[in-house]
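Here the structure comes first, spelled out in structure tokens, and everything after it is commentary.
The values are calculated or read from the model by the stated rules, or taken from the named source; none is laboratory data. Note that the structure is a prediction, hence the values are computed from the model and not measured. No Cβ is skipped: glycine too gets one built from the backbone with ideal geometry, and neighbour counts run over all protein chains shown. Just so you know, the surface numbers come from the protein's heavy atoms only, side chains and all, with ligands and any DNA or RNA stripped out. Shrake-Rupley method; radii C 1.70, N 1.55, O 1.52, S 1.80 Å.
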Amino acid sequence: MRTVLITGSAVAVLVAAGAITYAVAGEDGDGPVAVPGADSADAGFARDMAVHHQQAVEMSYIVRDRTKDADVRRLAYDIAQTQANQRGMLLGWLDLWGLPKVSADPPMTWMGMGDMASGKDGSLMPGMATNTELKKLGTLNGRQAEVFYLQLMTDHHKGGIHMAEGCVAKCTVGVEKSLAQGMVDAQQSELTAMAQMLKERGAQPRD
């Protein structure tokens with residue numbers, strides 16, 4: 001039953017994503033979408049979350065090659081597909097707005113956190129795994145890979161939720177705020193599922 005719920009949630013997000021992409025390309029509510037500035041929260045969130053999501057996709061494809069467990073493989077597939085789709089939307093919005101996909105400002109500047117850790121060993125934003133951790137995940141198999149993936153993805157989701165909540169509070173484009181809230185809701189649900197999966201494997205989140 002848990003697996004069905006996760007899959008259903010992912011499908012719902014993907015269906016909603018198509019509608020949101022169309023909406024932001026044309027109108028937002030009662031009128032045309034106001035184009036945000038390059039240093040806005042809308043643009044900052046789109047840029048940073050695209051990078052954050054890309055790592056989740058990478059981790060998910062790594063673990064699918066390291067385990068035969070159906071539940072973990074299904075979860076990893078759902079996360080990879082959902083976040084790849086959302087990443088495409090975020091980058092597409094930047095194109096529609098005529099804004100750059102990279103910025104000279106440090107990550108998280110739009111949240112007032114530009115002075116945070118400088119991305120040592122590839123961990124650029126809250127919850128992101130380091131390059132060393134990604135390399136380690138690629139060396140593990142079976143239950144060890146499952147546990148480490150679930151721990152890394154738990155951290156990743158917590159960081160992603162923090163960022164998405166920031167967009168809900170600071171972004172001005174309505175459909176982007178809606179997408180961010182959808183990320184919060186979906187990832188909170190997946191956190192609950194991952195905590196149970198870790199417990200079933202005699203492990204727990206790292207925090």
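Our note on the geometry: Cα centres of region 177-207 and region 58-88, 14 Å apart. Here the Karplus relation 6.51 cos²θ - 1.76 cosθ + 1.60, evaluated at θ = phi - 60°, turns the backbone of region 121-134 into coupling constants of 6, x, 8, 7, 9, x, x, 6, 6, 7, 4, 5, 5, 5 Hz, with x for every Gly and Pro. About its Cα centre, the dipole of region 77-197 is roughly 160 debye, where the only charges are +1 on Lys and Arg Cβ and -1 on Asp and Glu Cβ. Site pair Ala38 and Asp95 shows an inter-label distance of 2.0 nm when each label is modelled 7 Å from Cα along Cα→Cβ. Note on Tyr77 and Gln54: their simple-model spin labels are 2.6 nm apart, each label 7 Å out from Cα toward Cβ. Within the accessible area of region 111-150, what % is carbon and sulfur when the probe is 1.4 Å and the other protein chains stay in place? C and S atoms contribute 53 percent here. When only Cα pairs below 8 angstrom with a gap of at least 6 residues are kept, region 65-194 shows a relative contact order of 21 percent. Multiplying the residue separation of Ala84 and Lys199 by 0.36 nm and removing their Cα-Cα distance gives an extension gain of 38.6 nm. Listed peptides 125-136, 160-171 appear in the order 160-171, 125-136 once ranked by packing, highest mean of other Cβ atoms within 10 Å at the front.
For the pair Asn141 and Tyr61, label points projected 7 Å from Cα toward Cβ lie 2.2 nm apart. For region 73-207, the number of Lys pairs separated by eight or more positions or lying on different chains, with C-alpha atoms closer than 24 Å, is 13. Rounded to the nearest whole Hz, the Karplus-based 3J(HN,Hα) values (6.51 cos²θ - 1.76 cosθ + 1.60, θ = phi - 60°) of region 55-68 follow the sequence 5, 4, 4, 4, 4, 5, 6, 4, 5, 5, 8, 10, 8, 9, with x at glycine and proline.
Stretching the chain fully between Glu165 and Met113 yields a gain of 17.3 nm (0.36 nm per residue, less the alpha carbon separation). Coupling constants for region 79-87 follow from the phi torsions by the Karplus curve (6.51 cos²θ - 1.76 cosθ + 1.60, θ = phi - 60°), and in residue order they are 5, 4, 5, 5, 6, 5, 5, 5, 4 Hz; glycine and proline get x.
Computed over protein heavy atoms with a 1.4 Å probe, the accessible surface of region 99-205 works out to 46 Å² per residue.
For region 84-156, the percent of C-alpha pairs falling in each 5 Å distance bin, counted from 0 to the bin holding the largest distance, reads 3, 13, 16, 18, 19, 15, 9, 5, 1, 0.
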